[in-house]
Amino acid sequence: MVSIPVLEPFIIDGSPSALAAQWKEWVDRLETYFAATTLNDDRRRPMLLLLGGAAIHKLGRSVAEEGPPYTYQTLKQALTNHFQPLANPDYERFLLRQVRQLPHESVDTFYAKLKDLARTCTLVDVEDEVRAQFIQGCASVKLREHILQVRVGRTVQVIDLNELACLEGEGPGISDSTAHRSEEVDGSSRIKSRHLIQCYT
């Protein structure tokens, strides 16, 4: 039988806006835990209070006392409503704008980092925010120039092929030798780029 690790409790600490994003991320992990353990709905409500830790247990009991009996879904939504007003899109956008590609960090790792950060935010248009910061924060001037030539409305998806070899031996950089294809998705063109990474000095 596969051993399933216990979910870490939710820690109520940090800025108010960060708490809203952290709660959303923790609930995502909780849902994954429930899916892995196949708990039924009757057991999910007490498990939310138990796994959430002392602070969530106290807050959840307080919220539940203010209304009718709570199911797992209604209690989860009540707690989400408690944290959500604390969200500050301007602060979340500020944090996203500070992210830059690190030395020797691959392009796809940098893109994934932006996506992970944006996923926990309450921004209106996540794709546009990620695309804008990818352009601003990527280390390669040539890659930035290539993306700026891509029609607005397309989603940038970067698949890094050979950059590791460049970083390890032949010097950093990415050329603009790029093969790409696009397809229509829900009426908008989504670009799927396969960048053929080459080294340059």
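Here are a few things to note about the model shown:
- Pairs linking a residue in the range 133-161 that is over 16 Å from residue 112 (Cβ atoms) to a residue that is in a loop (DSSP other than H, G, I, E, B) and at pLDDT 65 or above, with Cβ atoms under 6 Å and 6 or more positions apart or on different chains, are 144/138.
- Some residue of the range 35-55 being outside any loop (DSSP other than H, G, I, E, B) and at pLDDT below 80: no
- Of all the residues in the range 1-25, those that are modelled with pLDDT of 85 or more and assigned to a loop (DSSP other than H, G, I, E, B) number 5.
- Within the range 109-126, the set of residues being at pLDDT 75 or above and either over 14 Å from the mean Cα position of the chain (by Cα) or hydroxyl-bearing (Ser, Thr, Tyr) (or both) comprises 109, 111.
- Residue check for residue 95: part of a helix (DSSP H, G or I), at pLDDT below 85 and under 30 Å from residue 130 (Cα atoms): yes
- Residue selected from the range 64-92 under the condition of a type outside the set (S, T, N, Q), surrounded by 13 or more Cβ atoms within 10 Å (Cβ to Cβ) and over 18 Å from residue 22 (Cα atoms), by the criterion modelled with the highest pLDDT: 72
The values are calculated or read from the model by the stated rules, or taken from the named source; none is laboratory data. Bear in mind that the values here come from a model prediction, so they are computed numbers and not experimental data. A quick note on method: Cβ atoms are made from the backbone with ideal geometry, for glycine too, and the neighbour counts reach across all protein chains shown.
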